[in-house]
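Trainee: A single structure is presented below for examination.
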Amino acid sequence: MSFDFRRPPCAVGLTVVAAMLVAGATHAARAQSSDFYKTHKLTLGAPSNAGGGYDTYTRLLSRHMAKHIAGSPTIVVQNVPAGGGMALANQVYNTAPKDGSYLGMIRGTVIQEQVYKNPQALFDGRKFVWIGNMNSDYDACIMSASSGVKTIDDFYKREVIVGASGAGAQSYSFPIVYNELLGTKFKVISGYPGTPERMLAMERGELHGACGITTSTYRAVLAQPAKEGKVLLVAQAGSAKDPAYPDVPNILDQAKTPEAKQALEFLFVPLGLGRPFAGPPEMPQDRTAQLRKAFDDSMKDPDLIEEAKKLQVDIEAMNADASAKMVNQLFETPANVVAKLQAALATK
């Protein structure tokens, strides 16, 4: 060992000791991090009842993610359906454990509610620790073959009666906004809880069709009526097109002004954020990195992909950075555009 004779020997010794202490502390911290999930379970919060779409995705992830986490923790699912996902978002942000043992699926619609300044949104969507998004959805406007509505141009030429579950649902809000921004002639009838009820109403002639049905639902649930020519996929909606339907027009492309396009993009963000997971702001960075990598690895796991096919659910994943970028897009929407959307929905 060589010494710098311009420094007292004791100073050299103290430097070496300090370096050893720092190295030891770093090693201990890494060991503690890698051991955390050996002694702690991981809980995944689902914003729906058991058996719902959000629950299906959450349980799918729960069955495959542990093998990608050091310690192979037990993973359990907690259903928190209240408030259309608002209760879960508030819980993750404010009261859930902040040590990396709790993640929740945060619906894009509840982040929108924060932008709308809903007082029930007790969080800042930009401060969630985003882990990744399992799937991006695309909306679909589906019409019965007997309705005579065959192209997107027909939405402007005649009254088109569509069914919706209620005022807070995309099946209601989407066509209402299309009328306001694009000049379509949808008449929205509420009171149809789900796709099966709307399909029956279409068969009875009560409805011409429905928007607010995802293209994945169209593939999984309506494949047979579509094959038989009973229903038509007339238009889709999203920040981009569903790759499975490149020739079906995207309603986003109907926007004639930059303001209308910004409003539709804001409206469609929750579709892109189809199944995103996040933790509370105070999560330790090392465990955040662990969980993000485990999530990304799970999305490429052949076993998960195979089970998703059996369940007839789509996996179109995005990583944490892409998920956060999409969330931030909501907050970058000009206030006057958001206000116009709120006004369109509030007056109907």
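Where a number appears in this text, it was derived from the coordinates with a stated rule and is not lab data. Here the structure is a predicted model, which is why all the values come from computation and not from measurement. Positions of Cβ are backbone-derived with ideal geometry, glycine not excepted, and every protein chain shown enters the neighbour counts.
Trainee: If you restrict to DSSP beta bridges whose two residues both lie in the chain, what percentage is antiparallel, to the nearest 5?
Mentor: Of those bridges, close to 55 percent are antiparallel.
Trainee: So what's the angle, to the nearest 10 degrees on a 0 to 90 scale, between helix 195-204 and the longest Cα principal axis of the chain?
Mentor: With both axes taken from Cα atoms, the answer is about 10 degrees.
Trainee: I want the local charge near T217. Using Cβ-Cβ distances under 13 Å, sum +1 for each Lys or Arg and -1 for each Asp or Glu among the other residues.
Mentor: -2
Trainee: Grab the Cα-Cα distance for A240 and D253, subtract it from 0.36 nm times how many residues apart they are, and report the gain in nm with one decimal. List each step's numbers first, then the result.
Mentor: Numbers: separation 13, 0.36 × 13 = 4.68 nm, distance 0.97 nm.
Roughly 3.7 nm would be gained on extension.
Trainee: Any chance you could run the full-extension gain for S190 through K230? It's 0.36 nm times the residue separation minus the Cα-Cα distance, nm to one decimal.
Mentor: My answer for the length gained is 12.2 nm.
Trainee: Based on DSSP loop calls and a cut-off of at most 16 other Cβ atoms within 10 Å, the longest stretch of the chain free of exposed GluC sites (Glu not before Pro) is what?
Mentor: With a cap of 16 other Cβ atoms within 10 Å, the longest stretch comes to 1-158.
Trainee: May I pose another question? Which FRET efficiency value, to the nearest 0.05, is calculated for E197 and E282 with the Förster distance at 45 angstrom and r the Cβ-Cβ distance?
Mentor: Efficiency for this residue pair is about 0.55.
Trainee: May I pose another question? Find how much the distance from K117 to D297 grows on full extension, using 0.36 nm per residue of separation minus their present alpha carbon separation; answer in nm with one decimal.
Mentor: So the extension gain works out to 61.2 nm.
Trainee: Okay, moving on. Once you list every other residue whose beta carbon is under 11 Å from the beta carbon of L207, what net charge do they have if Lys and Arg are +1 and Asp and Glu are -1?
Mentor: 0
Trainee: Which order results if I305, I131 are arranged by neighbouring Cβ count within 10 Å, fewest first?
Mentor: I305, I131
Trainee: A further question follows. Give K127/K310; K185/K325; K98/K309; K150/K340; K256/K340 a once-over and call out the pairs whose C-alpha atoms are over 24 Å from each other.
Mentor: Numbers: K127/K310 35 Å; K185/K325 34 Å; K98/K309 33 Å; K150/K340 30 Å; K256/K340 16 Å.
Where the Cα-Cα span goes over 24 Å, the pairs concerned are K127/K310; K185/K325; K98/K309; K150/K340.
Trainee: Return the Rg/Rh value of the chain, two decimal places, where both radii are evaluated on C-alpha atoms and Rh is the Kirkwood radius.
Mentor: Rounded to two decimals, Rg over Rh is 1.11.
Trainee: So if I take the alpha carbon set of region 270-331, get Rg, then get Rh from the Kirkwood formula, what is the Rg over Rh ratio?
Mentor: Across region 270-331, the Cα-based Rg/Rh ratio is 1.01.
Trainee: Nearest 0.05, what FRET efficiency do T39 and A223 give at R0 = 51 Å with Cβ-Cβ as r?
Mentor: Calculated transfer efficiency: 0.65.
Trainee: Could you tell me what fraction of 2.2 N^0.38 Å the Cα radius of gyration of region 139-260 comes to, as a two-decimal ratio?
Mentor: 0.97
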